[in-house]
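Have a look at the structure below before the remarks.
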Amino acid sequence: MTEATHEEHAIHDEHIAHGHHDEHDHHGPAKGFMRWVFTTNHKDIGTLYLVTALIMFMVGGAMALVIRAELFEPGMQYVDPNFFNQMTTLHALIMVFGAVMPAFVGFANWMIPMMIGAPDMALPRMNNWSFWILPFAFVMLASTLFMDGGAPAAGWTLYPPLVLQGGAHLPFAIFTVHLLGMSSIMGAINIIVTVFNMRAPGMTLMKLPLFVWTWVITAFLLITVMPVFAGAVTMLLTDKFFGTSFFNAAGGGDPVLYQHLFWFFGHPEVYIMILPSFGVISTIIPTFARKPLFGYSSMVYATASIGFLSFIVWAHHQYTVGMPLAGELYFTYATMLIAVPTGVKVFNWVATMWKGAMTFETPMLFAIAFVVLFTMGGFTGLMMSISPADLQYHDTYFIVAHFHYVLVPGAVFALFAGTYYWLPKWTGHMYDEKLGKLHFWLSTVSVNVLFFPQHFLGLAGMPRRIPDYAVQFAEFNAMSSVGAFIFGFAQLIFVWVVIKAIRGGEKATDEVWEGASEHGLEWTLPSPPPYHTWTTAPDIK
Amino acid sequence: MIESERDPQTGGKRIVLKPNASLTRWQARLLLGGFALVLASIGSAFAFIGCWFVLPFAGAEWLVLAYCFSLAFRQSAVREVITVTDADVMLERGIRGPEQTYRFRRAWLGVSLDGPAAAGHPSRLCLKRHGRKIEIGRFLVESEREALYRELKKELMNG
C-alpha cells in the first residue's frame with residue numbers, strides 16, 4: 001500500500017487522467033497494416049480469421065479441382081499418382097484446419113462478445129496469438145509441396161506405416177499440426193473464459209444464444225481431444241526419428257493403436273466443425289420464420305448430448321480392422337444413438353418454420369438447404385453406422401459422398417448462411433441480394449451434381465483416393481467433375497458479393513432483418529458496430 | 001457494480017466499485033476440476049495402453065487453461081473503494097488489497113462526468129481537484145457511472 005502526500009497525488013492524478021489509457025478505452029483502430037498485426041480487438045481478429053479462411057477455402061478448393069480434373073475421365077491425364085495423393089491429403093487438411101474451423105472461430109470472435117454483452121474476448125492478446133500462428137502454420141504446410149518426396153500423401157489421417165515412409169515432409173507436417181492445435185486450444189480457452197466470466201448481468205446460461213451454446217460445447221470438445229492428437233503425432237515423430245516403436249509392428253508396436261488415437265480425436269473433430277453450424281442455423285431460422293426457436297432448452301441438451309456421444313463412437317471408423325463382435329455391436333448402437341439428438345434438432349428447426357411467416361432471403365435459403373442436405377448426409381452416416389454394411393462401404397466413394405454432404409452443404413452452407421446473415425451488421429452495407437440468390441442456386445444445384453453421383457460410385461465399388469478407375473465409373477465421375485467446376489466457380493460470386501458489401505452499397509439498419517432484435521443482442525448495436533462493442537452492458541430481459 | 005454503505009458511528013460513506021464477473025471462484029474451481037478429471041482420465045487411459053505422450057500434453061493444456069482463468073479473474077478482481085468522511089475523501093484501488101491510495105480534502109474535491117470522446121465510447125467519471133482529474137469506475141457500465149456520479153455529487157455537496 002502506498003500512502004502519497006497531496007502534492008504527489010497531484011502529479012499522479014494528472015498522469016492517470018491524461019496519460020496512459022490502454023487502447024481499449026478511448027481510441028478507435030490504429031491506422032495502416034500494423035493495426036492488423038497487433039490488434040487485440042475481437043472484431044478485427046474475427047475479420048482476420050474470416051479472410052484467412054476464405055483464402056484457404058479457395059486454395060483447398062483449387063486442390064479439389066485438380067483432383068476432379070484428373071478424375072473427369074479414366075486414365076492418367078494431368079498429374080502423377082503421388083501428386084494426386086498429396087492433393088487429396090492437403091485438400092482435406094486445408095479445408096478442415098484452414099477453412100472450416102478458422103471460419104467458425106472468426107464467427108465466434110465477431111459474434112460472441114456482441115451476443116453476450118461483453119466488451120471483448122477475455123484474453124485479447126492471446127486471441128491475437130491464436131490467429132497469427134495460423135498463417136505461419138499453413139505456409140509451413142504448403143512448403144512441403146516443394147520438398148524431397150513432396151507433401152504428405154497418406155490422407156488427412158496420417159496413418160502409419162504409410163506416412164512414415166514419405167519424404168522430408170513429416171516433421172514439417174507434424175509441426176504444422178502442433179501449431180494448429182495450439183491455435184485451436186487457445187481459441188477454445190478464450191471462448192470458454194469469455195462466455196463463463198464476461199456475460200452481461202442477467203445473462204444466465206439458459207439465456208445464451210444457441211450459437212454461443214454450440215461454441216461452448218465445441219470448445220469443450222476441442223480442449224478434450226487436442227492433447228490426444230498432439231500425443232499421437234508426436235509418437236509418429238519419435239517412431240520416425242528417435243527409434244521408438246509405438247506404431248511399428250516390427251518393434252512390438254501396433255499401427256491400429258494410432259487409429260484409435262486418431263479417431264478418438266477425429267470423430268469429435270467432425271462435431272467441432274458441425275456444432276457451430278447448428279448454432280448458426282438455429283439463429284437464422286427463427287429470424288426468417290418470425291417465430292422464436294422451437295424447444296430452446298431441448299436444443300441445448302441435444303447439442304450437449306451430441307458432444308458427449310461424439311467421444312464414445314470413434315471406432316466406427318475402424319470396423320474393418322478386425323474388431324471383436326461385442327465391440328462392433330457397441331460401436332454400432334452407440335453411433336446410431338447420435339441420430340436421436342440430431343433428429344431432435346432437425347425436428348425443432350422444422351417446427352420453428354411450421355406456420356411461420358417465412359421469407360426467403362439468401363441466409364434463409366442456405367439455412368433451408370442446410371437442413372435438407374445435412375439430413376441426407378446424416379442418413380448415409382446412419383447407414384454406415386451398421387458395421388456389416390460398413391464393411392461394404394468402407395473406403396469407397398460412398399464415404400466420400402457421405403462426409404462431403406455433411407461438410408459442404410452442412411458446415412460450408414452454414415458458413416455462407418451466417419455470412420449473408422451478419423454481413424450487413426459487420427460492414428454496415430446490405431449485400432447484393434440478386435447475386436446472393438444466384439450464388440445460392442448455383443451452389444445448391446452444383447453441390448448435388450458434384451456429390452450425389454458419388455453415392456452410386458461407392459455402391460458400385462469405386463474406391464476412394466485413387467487417380468484412375470475402371471471405365472464403368474466414367475459417367476458418374478464426369479458428372480461429378482462438372483458439378484465440382486460449377487461449384488468452384490460459383491464461389492467467385494460469393495467472394496465478389498462480400499467485396500462489394502465491404503466497399504459500399506445500401507446502408508444497413510441496426511436491426512437489418514425485420515424483428516431480428518428479438519433474437520439477439522447484436523441487432524441492438526449500430527451497423528457496423530462501434531470499434532469497442534459494449535462500453536455499457538446491455539439490459540437482458 | 002456499486003455497493004455503498006454508511007458508517008452509523010461516523011456518518012461517513014463507503015462505496016465499493018467492482019467490475020462485472022459472471023463466474024464465481026467456486027464455479028471456476030468446479031469447472032477446472034471437471035476439466036482436470038476428464039483430461040486426467042483420458043491421458044491416464046492412453047498412458048495405460050502405452051501412449052503415455054498424451055498425458056503430458058493433457059497436463060500442459062490444463063495448466064494453460066488454469067492460468068487463463070486466473071488471468072481473467074485477476075482482471076475482474078480489481079476494486080475501487082471510495083470513503084467519504086466529514087473532512088476527507090479517500091480513494092483506494094487495487095486487486096488483493098489497496099495498491100494505490102489517494103486522500104483528498106473534501107472541501108476542495110469535485111466530481112465530473114464527461115461525455116464520450118467519440119460515439120459509442122464510454123463516458124469518464126472523474127474526481128477533480130485544482131483542475132486536475134483522476135478517473136474512477138472505468139469498468140462500470142454507463143448507467144452505473146451515472147448513478148455513481150449523482151451519488152458522489154450529492155454526498156460531496158452535503159458536506
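The values are calculated or read from the model by the stated rules, or taken from the named source; none is laboratory data. Only a predicted model underlies this, so the values are computations on that prediction, with no experimental measurement involved. Neighbour counts run over all protein chains shown; Cβ positions are idealised from the backbone, glycine included. Accessible surface areas use protein heavy atoms only, side chains included; no ligands, DNA or RNA. Shrake-Rupley method; radii C 1.70, N 1.55, O 1.52, S 1.80 Å.
All of (1) assigned to a helix (DSSP H, G or I); (2) surrounded by fewer than 24 Cβ atoms within 10 Å (Cβ to Cβ); (3) in contact (Cβ under 8 Å) with a residue 40 or more places away in the chain; (4) more than 17 Å from the chain's Cα centre (by Cα) hold for A:Leu257 with one exception: (3).
Can you confirm whether A:Val96 is hydrophobic (A, V, I, L, M, F, W, C), outside any loop (DSSP other than H, G, I, E, B) and free of Cβ contacts under 8 Å to residues at least 12 places away in the same chain? Against the criterion (hydrophobic (A, V, I, L, M, F, W, C), outside any loop (DSSP other than H, G, I, E, B) and free of Cβ contacts under 8 Å to residues at least 12 places away in the same chain), A:Val96 does not qualify. For the stretch A:432-469, a residue qualifies if it is open to solvent by 50 Å² or more (accessible area, probe 1.4 Å), outside any helix (DSSP H, G or I) and at pLDDT 95 or above, and the qualifying residues are A:Ala460, A:Pro463, A:Asp468. Would you please name the residue that is farthest from B:Glu3 (Cα to Cα), looking only at residues in the stretch B:125-149 that are more than 8 Å from chain A (Cβ to nearest Cβ) and open to solvent by 20 Å² or more (accessible area, probe 1.4 Å)? Step by step, filter the stretch B:125-149, then rank; the result is B:Gly131. The set of residues in the stretch A:519-541 that are away from chain B (no Cβ under 14 Å) and more than 27 Å from the chain's Cα centre (by Cα) contains only A:Lys541.
For A:Ser245, the conditions (1) open to solvent by less than 20 Å² (accessible area, probe 1.4 Å); (2) of a type in the set (Gly, Ala, Ser); (3) within 11 Å of chain B (Cβ to nearest Cβ) are fulfilled apart from (1). Filter the stretch A:194-212 for residues that are more than 8 Å from every other protein chain (Cβ to nearest Cβ) and surrounded by fewer than 23 Cβ atoms within 10 Å (Cβ to Cβ) and give the result. A:Gly202, A:Thr204, A:Leu205, A:Met206, A:Lys207, A:Leu208 - these are the residues of the stretch A:194-212 that are more than 8 Å from every other protein chain (Cβ to nearest Cβ) and surrounded by fewer than 23 Cβ atoms within 10 Å (Cβ to Cβ).
Residues in the stretch A:97-140 that are in contact with an Asp or Glu (Cβ under 7 Å, 6 or more places away or on another chain) and more than 14 Å from chain B (Cβ to nearest Cβ): 1 in all. Evaluation of B:Pro122 against the conditions (1) facing chain A (nearest Cβ under 7 Å); (2) part of a loop (DSSP other than H, G, I, E, B); (3) at pLDDT 85 or above shows that the sole unmet condition is (3).
Residues in the stretch A:283-290: is at least one away from chain B (no Cβ under 14 Å), of a type in the set (Lys, Arg) and assigned to a loop (DSSP other than H, G, I, E, B)? Yes: the stretch A:283-290 contains one or more residues that are away from chain B (no Cβ under 14 Å), of a type in the set (Lys, Arg) and assigned to a loop (DSSP other than H, G, I, E, B). Of all the residues in the stretch A:26-78, those that are open to solvent by 30 Å² or more (accessible area, probe 1.4 Å) and polar (S, T, N, Q) number 2.
Each row is one residue, and each column tells you yes or no for (1) in contact (Cβ under 8 Å) with a residue 60 or more places away in the chain; (2) at the interface with chain A (Cβ under 7 Å from one of its Cβ atoms); (3) farther than 26 Å from A:Ile116 by Cβ.
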site	(1), (2), (3)
B:Leu23	no, yes, no
B:Leu30	no, no, no
B:Leu37	no, no, yes
B:Phe48	no, no, yes
B:Leu71	no, yes, no
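When the stretch B:1-17 is filtered for residues that are open to solvent by 40 Å² or more (accessible area, probe 1.4 Å) and not hydroxyl-bearing (Ser, Thr, Tyr), the ones remaining, listed by number, are B:Met1, B:Ile2, B:Glu3, B:Glu5, B:Arg6, B:Asp7, B:Pro8, B:Gln9, B:Arg14.
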